[in-house]
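Read the figures in this text as sums done on the coordinates, not as results from a lab. Predicted model only: the values in this text are computed from it and were never measured. Every residue, glycine as well, gets a Cβ built from its backbone with ideal geometry; the counts of neighbours run over all protein chains shown.
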Amino acid sequence: MDQEKWIRTWNRWFQRTCETAAGVGAAARCGAAKAGKAAENALSYTRGRVAIADKRAEVNLQLRRIGEMVYATHTGDPTDSAEMQKALEAVDALKAEISAQERALQAIRGVSVCPACGHVNPSDHVFCSNCGQSLTR
Ligand SMILES: [Zn+2]
């Protein structure tokens, strides 16, 4: 938290400097503001990767639970189908969240990965430059 606050303060200070300063040194200070923004992006990116890793771990736990329910059914102790449905929907929801977070991280990095062919496009592209797939979903 403190680190994030520090980066915001840093950015504001340099933003003001860029707006008001003129002459020698102003360009260098504006460059430093961009570096501050890059640091902020790097922090958001790292946080996002951690959040996605946590969700992937949760997906694995849910899939394991589902597997155990299927196996219990095989061994003659069928699981309540509502419980199974709930676990399946939990996986659907987690996968949708992961996918949204992946897109947000790609935007931070300034790229958009095609969901059809995996081609890495600049984030301002609406369609994949390799296969034409829409990138706005
Ligand atoms: Zn593509």
Exercise. In segment 84-128, what count of residues is obtained for those that are within 12 Å of the ligand (Cβ to nearest atom), surrounded by 13 or more Cβ atoms within 10 Å (Cβ to Cβ) and free of Cβ contacts under 8 Å to residues at least 12 places away in the same chain?
Worked result: 3
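Could you say whether any residue in segment 112-125 is on the phi > 0 side of the Ramachandran plot and within 21 Å of the chain's Cα centre (by Cα)?
yes
Just give me the residues in segment 126-137 being in a loop (DSSP other than H, G, I, E, B) and within 20 Å of the chain's Cα centre (by Cα), in sequence order. Steps first, please.
So in segment 126-137, the residues in a loop (DSSP other than H, G, I, E, B) come out as 126, 128-133, 135-137.
Within segment 126-137, Val126, Cys128, Leu135, Thr136, Arg137 meet the criteria.
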